[in-house]
Amino acid sequence: MKFLFCLLLPAALAAADLTLWYAAPAANWFEALPIGNGRLAAMVFGGVEKEHLQLNEDTVWAGEYRDRINPRAKESVPEVRRLLQAGKLKEAETLADSALISTPRRLPPYQPLGDLHLTFAGHEGFLNYRRELDLDTAIARTMYETGGVKCMREVFASAVENLLVMRIACDQPGRVSFRAALSRQADAKSRAAGANRIVMEGMAVVRDDRHSDERPVGTKFAAALAAFADGGSVRVDGSELAVERANAATLVLTAATTMRQKDPSAAALGALVTAKPDYARLRAAHIAEHQKSFRRVALSLAGVAPDLPLNQRLKRVADGAQDPHLEALYFQFGRYLLITSSRPGSMAANLQGKWNEKLDPPWDSKYTININTEMNYWPAENTNLAEFHQPLFDLVEKAMPDGRRVAKEMYGARGFVLHHNTDGWGHAVPIDGFRSGMWPTGGAWLSLHYWEHYDFGRDKAFLAKRAYPVMKEAAEFLLGILQPDGDGHLVIGPSASPENRYRTVDGRTAALTTGTSMDNSIAHALFSRVMEASAILNTDSDFRARVATARAQLPPLRIGGLGQLQEWAEDYAEPDPGHRHISHLFALHPGNQIDMRRTPDLAKAARITLERRLAAGGGQTGWSQAWVINFWARLRDAEKAHAAVVTLLRKSTGPNLFDTHPSGRSYVFQIDGNFGGTAGMAEMLLQSREGELDILPALPKAWNDGEVKGLRARGGVEVAIRWRNGKAVDVTLVPKLDGVYRVRLPEGQRLNPKMYPRRADGSFEVKARAGAMLSLGVE
């Protein structure tokens, strides 16, 4: 069979720089295109004769909530600490692995809902094929010509109606005929549910030997599908839908699980519209809802985008070509993914966002909170998607009851703890093994996101009612586990520098320790935010004093013999100098304890650390390379930050722009790199801290001319920047509150000093009124 491809342009085609488009159907999952509304998600393959939508619903989780605390944990924590202090590292790790890691040792996975398959008889031969994902409308579209008939399908996930909607149309009457079926790899069956409806019912059950100690239980789920035809007919044939000789047809899919509904089948079928849906209305409402958030930020870079399919553009970049428009598209794709995977009321975006095709997915497709889940939400505030941060707060609060129990029963501490993973059930125990699982500062790190949400929006009610109580409980736990190190400091342990190991002077290799730089930095950041929040709210002065006393006793950041920032309390050697985690630079990003101007010696040490890690092969995963972008941006190294963006595209990006993670001889999808890359690009254009707005701090030569609108800065202000020849031309502020900002411009530029006084530190003082747009003429 011969396939001919050229462009078939619809009447209103999306802007090229906001469209992922291809000249062939997806050959595999990594070429399919993602749509979602936070709860429902699908990967659209764009097949012609056989179309495939792989489906997800965000509460399809295997397993159950259960007591997973190791019964030996409470008595063993002090002994592990004693062994570490005595230098008996192997003994400490052996005891931790057997007595502290949860029972069972793993958490259950997030699983797919199933698959929607459509078969179009007679569409075997086609030409003029194009499929695309329009980021501006959140619609996936497939277009082709067969037998002299032009056909088009549109698919979107409506957040307004919580529906997945597909429209199938041809330009000649009576030419739409197909069959539609719902299926799943295992544990589900489909049946007829009415004259034009079918339903698939099942249960998420663990399906691999690694979870053999889990009971065969999970959420029960149902997916319901209805077909509506314009002309022609619709009937149910067994467990399939058959549409024949229609002018056009609309498919509507809903889903529900027992995590939200007592009877998911009744809920899913009840949510289907019983009368023929008004497709134009559904489509218009969906687009309006999506654009309300997506269009808040616009990024334009100079030049002309190549008129090529995306897979060809990625190959050009891999071969050494420059494509700034592809970088801008990648930036907006990250924002699109957050909007479509994490909406208020949905579950938080997990390791694969919401797009997972496997019953036994990589790392169980849950929440890895020693970097990955946090990275998912780095672009929430600075790229103006603040409300999409809410599901992360829901996740933390769902896990807090178990976190309180684990804190008390395992550590004898108040407050709450989360370790390096949690799941849809809200578990807080250490899992997998001591090297990764014994890391008790996950809850503390996540609680800092509450402060970020406050700091960018300055909603005092949110700080008082939601943020401060969570941060306080996280701080209470740290206060309860801090131990004297014998050298005048308080340290956290047993713990690890996430997933990494050290080598002692006598050649022993270990992971467990106390007082890692990352733990110290997280504690310092959390204690500082709790103190500031307490002062703002004028509450808990005694607790604030306790936190201040503890913060003063944390170990300082230390510089090692090679000029690097130490990862551990001692200047240990590194068995894996190119390790993917770069946890000891937390104080540089996302923290702010290290700063180019305030702490130049530590900033220099951070640079040496980063250079050494990369020279040894670090940054080999997508999320790690994305973190590197943020590090270089904070170090104000524009060209290295941009090189990291290009490396992310060349080495860690799939054909559909999904972030990749090496796994054996192939790769798997992790969404964190997409989000971290988007956040890092925003950091290159705008940074903010404590009332200072740093304009174009890391602008590379490849972005010499451009404009960005709608970025947010800490202090409650939106910022627009226009630049030419690498210099700022105009900066516009739209503050949420009355305030005074310190604006820092690229070197050699200034504001009018008669209007905006220049400060001793080189920044300019700008007074702004709430809601008033203020354009700053830059000289």
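Below are the figures for this structure:
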| item | result |
| --- | --- |
| Count - residues of region 351-410 that are closer than 30 Å to ALA186 by Cα and not in a helix (DSSP H, G or I) | 15 |
| In region 648-695, the residues that are in a loop (DSSP other than H, G, I, E, B) and open to solvent by 10 Å² or more (accessible area, probe 1.4 Å) | PRO655, GLY664, ARG665, GLU690, GLY691 |
| Candidates ASN356, ASN350, ASN376, ASN421, filtered to the one that is surrounded by 24 or more Cβ atoms within 10 Å (Cβ to Cβ), within 13 Å of the chain's Cα centre (by Cα), of a type outside the set (Ser, Thr, Tyr) and more than 28 Å from LEU686 (Cβ to Cβ) | ASN350 |
| Unique residue being in a strand (DSSP E or B), in contact with a helix residue (DSSP H, G or I) (Cβ under 7 Å, 6 or more places away or on another chain) and either under 25 Å from PHE456 (Cβ atoms) or of a type in the set (A, V, I, L, M) (or both) when the list is ARG712, ARG742, ARG722 | ARG712 |
| From the options GLU161, GLU154, residue that is not hydrophobic (A, V, I, L, M, F, W, C) and not in a strand (DSSP E or B) | GLU161 |
| Answer from PRO590, PRO577, PRO556 - the residue that is open to solvent by 60 Å² or more (accessible area, probe 1.4 Å) and assigned to a loop (DSSP other than H, G, I, E, B) | PRO556 |
| Any hit, region 67-86, residues being under 25 Å from the mean Cα position of the chain (by Cα) and open to solvent by 10 Å² or more (accessible area, probe 1.4 Å) | no |
| Tally of residues being in a helix (DSSP H, G or I) and in contact with a helix residue (DSSP H, G or I) (Cβ under 8 Å, 6 or more places away or on another chain) across region 456-490 | 20 |
| Single residue of region 275-331 satisfying the filter (assigned to a helix (DSSP H, G or I), charged (D, E, K, R) and touching a strand residue (DSSP E or B) at 6+ places or on another chain (Cβ under 9 Å)) that is farthest from ALA229 (Cα to Cα) | GLU327 |
| Per-region count, region 447-465, residues among the hydrophobic types (A, V, I, L, M, F, W, C) and in contact with a strand residue (DSSP E or B) (Cβ under 9 Å, 6 or more places away or on another chain) | 1 |
| Failed item, numbered, when ARG260 is tested on (1) of a type outside the set (A, V, I, L, M); (2) surrounded by fewer than 17 Cβ atoms within 10 Å (Cβ to Cβ); (3) closer than 17 Å to LYS189 by Cβ | (3) |
| Unmet criterion (only one of (1) open to solvent by 50 Å² or more (accessible area, probe 1.4 Å); (2) under 30 Å from ALA533 (Cβ atoms); (3) small (Gly, Ala, Ser); (4) in contact with a strand residue (DSSP E or B) (Cβ under 7 Å, 6 or more places away or on another chain)) for SER775 | (2) |
| The lone exception for LEU89 - which of (1) within 32 Å of the chain's Cα centre (by Cα); (2) buried (at least 16 other Cβ atoms within 10 Å of the Cβ); (3) in contact (Cβ under 8 Å) with a residue 40 or more places away in the chain it fails | (1) |
| Single residue of region 92-123 satisfying the filter (of a type in the set (Ser, Thr, Tyr) and surrounded by fewer than 20 Cβ atoms within 10 Å (Cβ to Cβ)) that is nearest to the chain's Cα centre (by Cα) | THR103 |
| Filter result (surrounded by 22 or more Cβ atoms within 10 Å (Cβ to Cβ) and either of a type in the set (A, V, I, L, M, F, W, C) or in a loop (DSSP other than H, G, I, E, B) (or both)) within region 491-513 | VAL491, ILE492, GLY493, PRO494, ALA496, SER497, PRO498, ASN500, ALA511, LEU512 |
| Filter result (over 30 Å from LEU299 (Cβ atoms) and open to solvent by 10 Å² or more (accessible area, probe 1.4 Å)) within region 127-145 | LEU127, ASN128, GLU145 |
| Sole exception among (1) touching a residue at least 60 places away in the same chain (Cβ under 8 Å); (2) closer than 27 Å to VAL160 by Cα; (3) crowded, with 24+ Cβ neighbours inside 10 Å for PHE416, by number | (2) |
| Some residue of region 224-234 being open to solvent by 60 Å² or more (accessible area, probe 1.4 Å) and not in a loop (DSSP other than H, G, I, E, B) | no |
| Check on ARG153, surrounded by 20 or more Cβ atoms within 10 Å (Cβ to Cβ) and either modelled with pLDDT of 95 or more or among the aliphatic types (A, V, I, L, M) (or both) | yes |
| Filter pass, ALA770 being within 32 Å of the chain's Cα centre (by Cα), on the phi < 0 side of the Ramachandran plot and outside any strand (DSSP E or B) | yes |
| Residue under evaluation PRO746, criteria (1) crowded, with 20+ Cβ neighbours inside 10 Å; (2) in contact with a Leu (Cβ under 7 Å, 6 or more places away or on another chain); (3) closer than 30 Å to HIS325 by Cα, criterion not met | (1) |
| Cβ pairs under 8 Å, 6+ apart, first in region 386-410 and within 13 Å of ALA467 (Cβ to Cβ) and open to solvent by less than 10 Å² (accessible area, probe 1.4 Å), second of a type in the set (Gly, Ala, Ser) and assigned to a helix (DSSP H, G or I) | HIS389/ALA380; LEU392/ALA380; VAL396/GLY443; VAL396/SER447 |
| Residue tally, condition of a type outside the set (Val, Ile, Thr), surrounded by 24 or more Cβ atoms within 10 Å (Cβ to Cβ) and outside any strand (DSSP E or B), over region 51-65 | 2 |
| Residue within region 697-713 that is in contact with a His (Cβ under 8 Å, 6 or more places away or on another chain), open to solvent by 30 Å² or more (accessible area, probe 1.4 Å), under 22 Å from VAL628 (Cβ atoms) and hydrophobic (A, V, I, L, M, F, W, C) present | yes |
| Any chance ALA248 is open to solvent by less than 30 Å² (accessible area, probe 1.4 Å), within 24 Å of THR142 (Cα to Cα) and not polar (S, T, N, Q) | yes |
| In region 600-620, residue nearest to the chain's Cα centre (by Cα) [restricted to those that are buried (at least 17 other Cβ atoms within 10 Å of the Cβ) and farther than 14 Å from GLN566 by Cα] | GLY619 |
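To keep it simple, each residue is scored yes or no on (1) open to solvent by 20 Å² or more (accessible area, probe 1.4 Å); (2) of a type in the set (A, V, I, L, M, F, W, C).
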site: LEU269; (1), (2): yes, yes
site: VAL273; (1), (2): yes, yes
site: LEU282; (1), (2): no, yes
site: ALA285; (1), (2): yes, yes
site: GLN291; (1), (2): yes, no
site: ARG296; (1), (2): yes, no
site: ALA305; (1), (2): yes, yes
site: LEU310; (1), (2): no, yes
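The values are calculated or read from the model by the stated rules, or taken from the named source; none is laboratory data. The structure presented is a predicted model; accordingly, all values stated were derived computationally and were not measured. Methodologically, a virtual Cβ is constructed for each residue, glycine included, from the backbone with ideal geometry; neighbour enumeration extends over all protein chains shown. Calculation scope for accessible area: heavy atoms of the full protein, side chains included, ligands and nucleic acids excluded. Shrake-Rupley method; radii C 1.70, N 1.55, O 1.52, S 1.80 Å.
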